[in-house]
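> Sharing a structure with you now.
The values are calculated or read from the model by the stated rules, or taken from the named source; none is laboratory data. The structure presented is a predicted model; accordingly, all values stated were derived computationally and were not measured. Every residue, glycine as well, gets a Cβ built from its backbone with ideal geometry; the counts of neighbours run over all protein chains shown. Protein only, heavy atoms only, side chains kept; ligands, DNA and RNA dropped before computing areas. Shrake-Rupley method; radii C 1.70, N 1.55, O 1.52, S 1.80 Å.
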Amino acid sequence: MTEELLRLSKRMSELGLSSRREADEWIARGWVRVDGKVVSELGSKVYPSQHITVERQAAAEQSKRVTVLINKPVGYVSGQAEDGYTPAVALIKAENRWLEDRSPEQFHPTQLRSLVAAGRLDIDSVGLLVLTQDGRVAKQLIGHDTDVDKEYLVRVQYTKGDKLPDSELKRLNHGLWLDGKPLLPAKVRWQNDDQLSFTLREGKKRQIRRMCELVGLKVLGLKRVRIGKVKLGDLPTGQWRYLSADEQF
């Protein structure tokens, strides 16, 4: 079987060495070797069997990249500023850092450069939002093959009678379609009389609100409490902390 040539940056991303953007940066700086030889031309191609290594500077640069967890309040957008709404990154400043943050990391404004949201939360939703400079983290959380689940607590009101029928709760777990496609199975269960817990592996735009609409539930409040193994915990609204070195999604 003949091997197929792949773009070097794509192969580095597949191997988990870096994001594609980082790979291109490192190739341009001469920090990438293929079978021991420096390859510094962007767009270079390699065979999957070839051995790729990166120089120490690249690893050092990567380890300086920070990942921040914030408890996003209502009224902030996750990503770019839009229509006069403030992006959540505006909350990342020294005075909003959670006093109980255990990370030894010192805050410096350069950390705000290229700090991007890895996943989104609607403007009217609250809870755990991840902002990162590390392409590997972004890929893990929002890559199309991500297997990191996310948990939400959702306050709801049933609009078609007293109580949501069990058959509709089953449909929330599996059986609903959005945008002409079946949704992946979810875990949806009652937390208390008016609050559901949703655990999802995908994140279509306004997915939970739209799922609820399909079964006659009105969403009164939505909070993300967990992404993979990382929990919101006691982080106060509007405050942030660093992802610590021993935490993994």
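> Give me the accessible area per residue for the chain, probe 1.4 Å, as a whole number in Å².
57 Å²
> Sticking with this structure for a sec: Please compute the contact order of the chain in relative form: average sequence separation of alpha-carbon pairs under 8 Å and at least six residues apart, divided by the residue count, as a percent.
Values: 435 pairs, mean separation 54.4, N = 249.
So the answer I get is 22 percent.
> Could you please state how large a percent of the accessible area of the chain is carbon and sulfur, counting protein chains only and using a 1.4 Å probe? Before the final figure, lay out the partial values.
Details: 6930 of 14260 Å².
Using a 1.4 Å probe with all protein chains present, the chain comes out at 49 percent carbon and sulfur.
> Where a Cα-Cα gap under 19 Å defines reach, which lysines qualify for Lys93, not counting those fewer than 8 residues away within the same chain?
Excluding near neighbours in sequence, the set is Lys64, Lys72.
> Also: Would you check segment 165-243 for Lys pairs whose C-alpha atoms are within less than 23 Å, ignoring same-chain pairs closer than 8 in sequence, and give me the count?
24
> What residue among Gly161, Gly43, Gly119 shows peak mean-square fluctuation when the chain is described by a Gaussian network model with Cα springs under 10 Å?
Most flexible of the set in this elastic network: Gly161.
> Further, regarding this structure: Have a look at Leu214, Leu115, Leu69 and tell me which one the Gaussian network model of the chain (Cα, springs below 10 Å) gives the largest fluctuation.
Leu214
> If the elastic network links every pair of Cα atoms under 10 Å, which of Gln106, Gln239, Gln62 fluctuates the most in the Gaussian network model of the chain?
Checking each option, the largest mean-square fluctuation is seen for Gln106.
> Starting from the 7 Å offset along Cα-to-Cβ, what nm value, one decimal, do you get for the label separation of Thr159 and Asp179?
Label at Thr159, label at Asp179, 2.2 nm between them.
> Here's another thing I want to ask about it. Got a number for the accessible area of Ile142? Probe 1.4 Å, square angstrom, nearest 10.
90 Å²
> How far, in nm, would the chain grow between Glu202 and Ile142 when pulled straight, counting 0.36 nm per residue and subtracting the alpha carbon separation? Provide the component values of the computation, followed by the final result.
Numbers: separation 60, 0.36 × 60 = 21.60 nm, distance 0.89 nm.
Contour length minus Cα-Cα distance gives 20.7 nm.
> Next question. Using the Karplus curve 6.51 cos²θ - 1.76 cosθ + 1.60 with θ = phi - 60°, work out ³J(HN,Hα) for each residue of segment 85-102 in order, rounded to whole Hz, and write x for Gly and Pro.
8, 8, x, 4, 4, 5, 7, 7, 9, 3, 6, 9, 6, 4, 4, 8, 4, 7
> Right, another one. How would Trp240, Trp177 rank on accessible area, largest to smallest, probe 1.4 Å?
Working: Trp240 0, Trp177 150 Å².
The most accessible residue leads, giving Trp177, Trp240.
> Follow-up. Once a ≥ b ≥ c are taken as the square roots of the eigenvalues of the Cα gyration tensor of segment 41-174, is the result rounded (a/c under 1.5), prolate (a/b larger than b/c) or oblate (a/b not larger than b/c)? Mind dumping the intermediate values first?
Details: a/c = 2.53, a/b = 1.48, b/c = 1.71.
Judged from the Cα gyration tensor, segment 41-174 comes out oblate (a/c at least 1.5, b/c at or above a/b).
> Report the trypsin sites (Lys or Arg not before Pro) located in segment 143-249 that are in a DSSP loop and have at most 11 other Cβ atoms inside 10 Å of their Cβ, or state none.
Working: sites: Lys150, Arg155, Lys160, Lys163, Lys170, Arg171, Lys187, Arg189, Arg201, Lys204, Lys205, Arg206, Arg209, Arg210, Lys218, Lys223, Arg224, Arg226, Lys229, Lys231, Arg241; in loops: Lys160, Lys163, Arg201, Lys204, Lys205, Arg206, Lys229.
Within segment 143-249, the qualifying trypsin sites (Lys or Arg not before Pro) (loop, at most 11 other Cβ atoms within 10 Å) are Lys160, Lys163, Lys205, Lys229.
> While we're here: Where nothing but the Cβ of Lys and Arg (+1) and of Asp and Glu (-1) is charged, how large is the charge dipole of segment 162-249 around its Cα centre, in debye to the nearest 20? List each step's numbers first, then the result.
Working: 19 positive and 11 negative charges, 61 e Å.
For segment 162-249, the charge dipole is close to 300 debye.
> Treat every Asp and Glu Cβ in the chain as -1 and every Lys and Arg Cβ as +1, leave all other atoms uncharged, and give the resulting dipole magnitude about the Cα centre to the nearest 20 debye. Working shown, then result.
Working: 42 positive and 34 negative charges, 52 e Å.
So the dipole magnitude of the chain works out to roughly 240 debye.
> While we're on this one: Per-residue HN-Hα couplings for segment 39-44, Karplus 6.51 cos²θ - 1.76 cosθ + 1.60 at θ = phi - 60°, whole Hz, x for Gly and Pro?
Each residue of segment 39-44 in turn: 10, 10, 9, 5, x, 4 Hz.
> State the Cα centre-to-centre distance between segment 81-156 and segment 223-249 in whole Å.
Segment 81-156 and segment 223-249 have Cα centres spaced 9 Å from each other.
> Separate question: Only sites in a loop by DSSP and with at most 15 other Cβ atoms within 10 Å count here; which GluC sites (Glu not before Pro) in segment 122-219 make the cut?
Glu202
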